[in-house]
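Asker: Below you'll find the structure I mean.
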Amino acid sequence: MEYREFGTSIDWGPSALGFGAMRLPTDDGDVDRERTIRMIRTAIDRGVNYVDTAWPYHDGESERVVGEALDDGYRDQVNLATKMPSWELETRADLDEYFEKQLDRLGTDHVECYLLHALNHEYWETYQGIDIFEWIEDRQAAGDIDHIGFSFHDDRDLFEEIVDAYDWDFCQIQYNYLDQEYQAGRAGLEYAAERGLGVVIMEPLRGGMLATDLPDPVREAFEAADADRSPVEWALQWLWDQPEVSTVLSGMSTLEQVRENVEIAANSGVGQFSTDDHTIVERARERFEELMAVDCTGCDYCTPCPTGVEIPRNFDLYNRIEMGDDPNAIVAEYEDMDESARADACVACGECEPACPQHLEIISLLEETHERIQSASA
Ligand code: SF4
Ligand code: SF4
């Protein structure tokens, strides 16, 4: 697998593919530890050297199971990345408290990569009020953190302001062929790379939307190509063809996905895409945009809902109807859901909306979702 440079001064060469531990396999709601450990170790055995987790993933279980997966000699083979829960912070002491707990969960005494999680206007202001740069310098001087970065969910102006505010090693942005103008976007990618930051890509498959069950118009756009690639391969190679991209994080949930992604990564690199290939992806993007109802990535940051509404699942059903899935099957799936999980169980408490990195108006979109599914059953 290719190892890509992070800027010009960093020589730690993250692998083109990173393992994102945010959508791990579960069993009765709990992380399936055995399957997860096997997946992470298989990825590392095949060349992945970047493993990414965060405080809230799987309610903390992700950090713990990643720590277990890195026992038995695997820890030394990876750049381990985790993230400070920005939304939990009030004082500088909180930084130390969360960081120490994370090291404990991960079973390590340092991390190669540490990110301020999900920066937006509000969290950026919080960090500035608690001397974040001094804290970073102290932790780096103590050898607790090698490389410092941030993940980002807000507008491009803020992205550029944050890039310019500190001597970051890297950043993490949402970017895929549907999200070229969204948040940091393509312009943000170039901005960061020009200033020497490595750029880690999250949501390369937009929560799976670009991977499976493509709507007919999108599938037909790809079938018109000379190149024979799977949808996942189109989406990932499109990213790896861009020299500004350092590492593409994939939130893998099965061993099969690990094997498929590793195989694609093994053939990745700048120059793999022809002009025609770029035209094909552009057509697929246009077809998607014509069809999509809700810009939900399935990230789950909005859950759990106190009344039990399965927010991303409802939006997925809505999108699938608009993209041409069998409406009867969608209606049946909706009716099979627990009543408290359906869109119309929302009591508009408003708890979920501030957590959504896509800034979706979840309450009104849930109403719309319910109405659309009801009309499909008529
Ligand atoms: S606004 Fe609706 S979906 Fe959101 S947390 Fe409250 S009840 Fe749940
Ligand atoms: S509604 Fe927002 S927070 Fe919830 S899964 Fe979708 S994108 Fe993520």
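The values are calculated or read from the model by the stated rules, or taken from the named source; none is laboratory data. Quantities reported herein were computed from a predicted structural model and do not represent experimental measurements. We place every Cβ from the backbone using ideal geometry, glycine too, and count neighbours over all the protein chains shown.
Asker: Could you go through the range 226-249 and let me know if any residue there is within 30 Å of E335 (Cβ to Cβ), in contact (Cβ under 8 Å) with a residue 40 or more places away in the chain and of a type in the set (A, V, I, L, M).
Answerer: Looking through the range 226-249, none of the residues is within 30 Å of E335 (Cβ to Cβ), in contact (Cβ under 8 Å) with a residue 40 or more places away in the chain and of a type in the set (A, V, I, L, M).
Asker: Okay, next question. Restricting attention to the range 238-252, and to residues there that are among the hydrophobic types (A, V, I, L, M, F, W, C) and out of contact with any Leu (no Cβ under 7 Å at 6 or more places or on another chain), which single residue is surrounded by the most Cβ atoms within 10 Å (Cβ to Cβ)?
Answerer: Here is the first cut: in the range 238-252, the residues among the hydrophobic types (A, V, I, L, M, F, W, C) are 238-240, 245, 248-249, 252.
When the remaining residues are screened for being out of contact with any Leu (no Cβ under 7 Å at 6 or more places or on another chain), the result is 238-240, 249, 252.
Working: W238: 24, L239: 21, W240: 25, L249: 23, M252: 27.
The extreme case among them is M252.
Asker: Within the set of pairs 6+ apart or on separate chains, which have a first residue in the range 18-34 that is assigned by TED's automatic domain parsing to the domain that holds I264, a second that is among the acidic types (D, E) and surrounded by fewer than 14 Cβ atoms within 10 Å (Cβ to Cβ), and C-beta atoms under 6 Å apart?
Answerer: Filtered contacts from the range 18-34: no entries.
Asker: On the given criteria, is Y177 crowded, with 16+ Cβ neighbours inside 10 Å and assigned to a helix (DSSP H, G or I)?
Answerer: no
Asker: Let me ask something else. Of all residues being of a type in the set (S, T, N, Q) and within 16 Å of ligand 2 (Cβ to nearest atom) in the range 256-315, which is surrounded by the most Cβ atoms within 10 Å (Cβ to Cβ)? Just the residue, please.
Answerer: Step by step, filter the range 256-315, then rank; the result is N314.
Asker: Take the conditions touching a Gly at 6+ places or on another chain (Cβ under 6 Å), within 14 Å of ligand 1 (Cβ to nearest atom) and not acidic (D, E) and apply them to A355. Does it pass?
Answerer: Spelling it out, it is not the case that A355 is touching a Gly at 6+ places or on another chain (Cβ under 6 Å), within 14 Å of ligand 1 (Cβ to nearest atom) and not acidic (D, E).
Asker: If you take the residues of the range 349-378 that are more than 16 Å from F315 (Cβ to Cβ) and loosely packed, with under 14 Cβ neighbours inside 10 Å, which of them is nearest to ligand 2 (Cβ to nearest atom)?
Answerer: P354
Asker: Can I ask one more? Provide a single number: the residues in the range 135-154 that are of a type outside the set (K, R) and touching a helix residue (DSSP H, G or I) at 6+ places or on another chain (Cβ under 8 Å).
Answerer: Qualifying residue count for the region: 8.
Asker: Does A343 satisfy the condition of being on the phi > 0 side of the Ramachandran plot, touching a helix residue (DSSP H, G or I) at 6+ places or on another chain (Cβ under 6 Å), without any contact (Cβ under 8 Å) to a residue 60 or more places away in the chain and within 16 Å of ligand 1 (Cβ to nearest atom)?
Answerer: Values: on the phi > 0 side of the Ramachandran plot: no; touching a helix residue (DSSP H, G or I) at 6+ places or on another chain (Cβ under 6 Å): yes; without any contact (Cβ under 8 Å) to a residue 60 or more places away in the chain: yes; within 16 Å of ligand 1 (Cβ to nearest atom): yes.
Spelling it out, it is not the case that A343 is on the phi > 0 side of the Ramachandran plot, touching a helix residue (DSSP H, G or I) at 6+ places or on another chain (Cβ under 6 Å), without any contact (Cβ under 8 Å) to a residue 60 or more places away in the chain and within 16 Å of ligand 1 (Cβ to nearest atom).
Asker: Are any of the residues in the range 296-306 modelled with pLDDT of 95 or more, within 15 Å of ligand 1 (Cβ to nearest atom) and among the acidic types (D, E)?
Answerer: no
Asker: Here's something else I'd like to know. State which residue pairs qualify: first residue in contact (Cβ under 8 Å) with a residue 24 or more places away in the chain and on the phi > 0 side of the Ramachandran plot and inside the range 146-175, second residue crowded, with 21+ Cβ neighbours inside 10 Å and among the hydroxyl-bearing types (S, T, Y) in any location, beta carbons under 7 Å apart, and separation of 6 or more residues or different chains.
Answerer: Close Cβ pairs satisfying both conditions: none exist.
Asker: Can you tell me how many residues in the range 155-174 are in a helix (DSSP H, G or I) and closer than 22 Å to P14 by Cα?
Answerer: Count: 1.
Asker: Suppose we keep only residues that are at pLDDT 95 or above and loosely packed, with under 14 Cβ neighbours inside 10 Å within the range 337-348. Which one would you say is nearest to ligand 2 (Cβ to nearest atom)?
Answerer: Step one: filter the range 337-348 for residues at pLDDT 95 or above, giving 339-348.
Now drop any that are not loosely packed, with under 14 Cβ neighbours inside 10 Å, which leaves 339-340, 347-348.
Details: E339: 20, S340: 17, V347: 16, A348: 15 Å.
Checked the range 337-348; the qualifying residue nearest to ligand 2 (Cβ to nearest atom) is A348.
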